[in-house]
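Let me begin by presenting the structure, written as structure tokens, before commenting on it.
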Number of protein chains: 2
Amino acid sequence: MINKLVDKIKKTDAPVVVGLDPMLSYIPEPVLSGAFAEYGETLEGAAEAVWRFNKGIIDAVCDLIPAVKPQIAMYEQFGVPGLAAFEKTVRYCKEKDLVVIGDIKRGDIGSTSSAYAAGHLGQVQIGKSCFAGFDEDFATVNPYLGSDGVKPFIEVCKENKKGIFVLVKTSNPSSGEFQDRLIDGRPLYEWVGEKVAEWGAEAMGDTYSYVGAVVGATYPEMGKVLRRIMPKAYILVPGYGAQGGKGADLLPFFNEDGLGAIVNSSRGIIAAWKQEAYQKFGAENYADASRAAVEAMILDIRSALA
Amino acid sequence: MINKLVDKIKKTDAPVVVGLDPMLSYIPEPVLSGAFAEYGETLEGAAEAVWRFNKGIIDAVCDLIPAVKPQIAMYEQFGVPGLAAFEKTVRYCKEKDLVVIGDIKRGDIGSTSSAYAAGHLGQVQIGKSCFAGFDEDFATVNPYLGSDGVKPFIEVCKENKKGIFVLVKTSNPSSGEFQDRLIDGRPLYEWVGEKVAEWGAEAMGDTYSYVGAVVGATYPEMGKVLRRIMPKAYILVPGYGAQGGKGADLLPFFNEDGLGAIVNSSRGIIAAWKQEAYQKFGAENYADASRAAVEAMILDIRSALA
């Protein structure tokens, strides 16, 4: 799957992933009221609204980008109906040939990590048959529990040609509370980065590893160091746009081959219609506003890389 | 909810939580084939088998214990039907007046952490009404992202009188890879423990905080130190039984009031019928075997604390 991701990035010339992290406040009134009319103001109604909103955006941007990143928390908040909307979104994106990165930040130990990996990237055996639960292409994984937590994911990745992105340095302001603390003179995130390189060496695609890393756009200096520590890891870069990261900040995350990083924007794309710059589209054309925002983001990144 | 947990621990004289972490291999053939007969060898059939298996155990042990801890990964592996079985299990346990600790190990930032917290411990507003997605009483939370990741959970806990257990030192063999690394001469888990105490000070119940910690039974020496660092935090102690922890190892996790810790056993209880000691019960009486295993665990812990 890392090979497919690299191919699609080359073809689209767009190292960009759209974060499908819908909040109800992002969804235009006509979409909301249509879903509520059919399912009521319920968890089911909210989940349906999320799905319809997503479908509009996916249809509008799928030819421009290689990948999407649905953030499962935004679905999980609506309970079981919300997770059904997550599954439907994943399936639809795959039908559109988009690479799907499940932003699930799971992490546990042994058989529990195996269960998460099976549910999101692999299959479970039931009687004589095998079934895929959510079936994303990549998942994000939390490293706090160490190798016991990460290796079960890697096993499932190898079997199913899937991939993971391990949280190394996250984009949020307080990420330094633990991640930046010095251990033998070097910050924790560097030690995690070294582990990512080690884990990834045993799970290589053609040029990059199945094991990637998450490093926030808001920390370009740290991105530079981590790029060197994990040369074969694809870096998933959140924090562009709404969180303050800019195109020019992104250079350190890329390798000299122009590859090695994929930049996420969520709110900046899916809620573009609410921004002043895209207000002219109007609520009913929210998906066109998202397309325009994707085009602007691609141009910004291309010119930074040029 | 921390007050209710403490009350129930006192009433049952059992600082014990049963981990509802069902694997299909733990489920006796008659339960499996009953569910498959109705729903087929499908995700739905597996989820139904899990639910029926759980119900048998809950009915058999609910008068002995204060709390249960369903591990969501074991449900999530079966996709949406699995998560429906999780939700049904949570609801049924609450009907039986058990405190439910959702072992979800979530952790993200800002609005995303808020969404997890709303879905598992709080409510989401949809139109004019509010709805609870999964509605556990407590949830486990991963601290790697720092305060930005944890505080949204604490806000929801305060509003809804719920609680969290933050991963501090996990029970697995490789937990030391990052958690034990020295920062200014002290291991990372101590720094996390200090943060737990700080976060918890602002969210106090009558005698203990809404903010607890997870510390593995397999590391009693570290438990001793952490007990001192976080005197008001309830410690959720996994790793007893199948993972190697014994009653005598548990003393350091408790305060002098005999409170302050609750010990989890999963496989050792729910798959008791497969162990030599409980084989006499037979597969069809698996729930009675679980009850006997709970009774033995309670006696072991009571005598260690005596």
inquiry  = Being among the basic types (Lys, Arg) and more than 30 Å from A:Glu41 (Cα to Cα) narrows it down to one residue among B:Lys151, B:Lys195; which is it?
reply    = B:Lys195
remark   = Across (1) over 26 Å from B:Tyr219 (Cβ atoms); (2) free of Cβ contacts under 8 Å to residues at least 40 places away in the same chain, B:Lys151 clears everything bar (2)
task = Would you mention how many residues in region B:112-132 are facing another protein chain (nearest Cβ under 8 Å) and either in contact (Cβ under 8 Å) with a residue 24 or more places away in the chain or of a type in the set (Asp, Glu) (or both)?
result = 3
Hits in region A:133-147 (condition: more than 8 Å from every other protein chain (Cβ to nearest Cβ) and either charged (D, E, K, R) or under 13 Å from B:Tyr75 (Cα atoms) (or both)) = A:Asp135, A:Glu136, A:Asp137
key: Residue list for region A:259-276, restricted to those being of a type in the set (Gly, Ala, Ser), touching a residue at least 60 places away in the same chain (Cβ under 8 Å) and out of contact with any Asp or Glu (no Cβ under 6 Å at 6 or more places or on another chain)   = A:Ala261, A:Ser265, A:Ala271
remark   = How many residues of region A:152-196 are surrounded by 19 or more Cβ atoms within 10 Å (Cβ to Cβ) and more than 8 Å from chain B (Cβ to nearest Cβ)? The answer is 17
request  = Name the single residue, out of those in region B:1-18 being charged (D, E, K, R) and part of a helix (DSSP H, G or I), that is surrounded by the fewest Cβ atoms within 10 Å (Cβ to Cβ).
outcome  = B:Lys11
query = Restricting the search to region B:198-235, which residues are among the hydrophobic types (A, V, I, L, M, F, W, C) and away from chain A (no Cβ under 14 Å)?
reply = B:Ala201, B:Ala203, B:Met204, B:Val211, B:Met222, B:Val225, B:Leu226, B:Ile229, B:Met230, B:Ala233, B:Ile235
key: Subset tally (residues that are in contact with a Phe, Trp or Tyr (Cβ under 9 Å, 6 or more places away or on another chain) and in a loop (DSSP other than H, G, I, E, B)) for region A:232-254   = 5
Residue identified as in contact with a Ser or Thr (Cβ under 9 Å, 6 or more places away or on another chain) and in a helix (DSSP H, G or I) among A:Tyr278, A:Tyr286 = A:Tyr278
task = Return the total of residues in region B:197-212 being crowded, with 18+ Cβ neighbours inside 10 Å and of a type in the set (Val, Ile, Thr).
result = 1
key: A:Arg91 being under 15 Å from A:Met23 (Cβ atoms) and either surrounded by fewer than 22 Cβ atoms within 10 Å (Cβ to Cβ) or modelled with pLDDT under 95 (or both)   = no
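Does B:Asp108 count as touching a residue at least 12 places away in the same chain (Cβ under 8 Å) and facing another protein chain (nearest Cβ under 8 Å)?
It is true that B:Asp108 is touching a residue at least 12 places away in the same chain (Cβ under 8 Å) and facing another protein chain (nearest Cβ under 8 Å).
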key: Filter result for B:Asp108 (out of contact with any His (no Cβ under 8 Å at 6 or more places or on another chain), among the acidic types (Asp, Glu) and buried (at least 24 other Cβ atoms within 10 Å of the Cβ))   = yes
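Sort out which residues of region A:201-237 are within 19 Å of A:Ile9 (Cα to Cα) and at pLDDT below 95, and write them in order of number.
Looking only at region A:201-237, we keep the residues that are within 19 Å of A:Ile9 (Cα to Cα), and these are A:204-215, A:217, A:227, A:231-237.
Within region A:201-237, A:Ala217 is the sole residue that qualifies.
The values are calculated or read from the model by the stated rules, or taken from the named source; none is laboratory data. Worth saying up front: this structure is predicted, and the values here are computed from it rather than measured. Here Cβ is always computed from backbone atoms with ideal geometry, including for glycine, and neighbour counts include all displayed protein chains.
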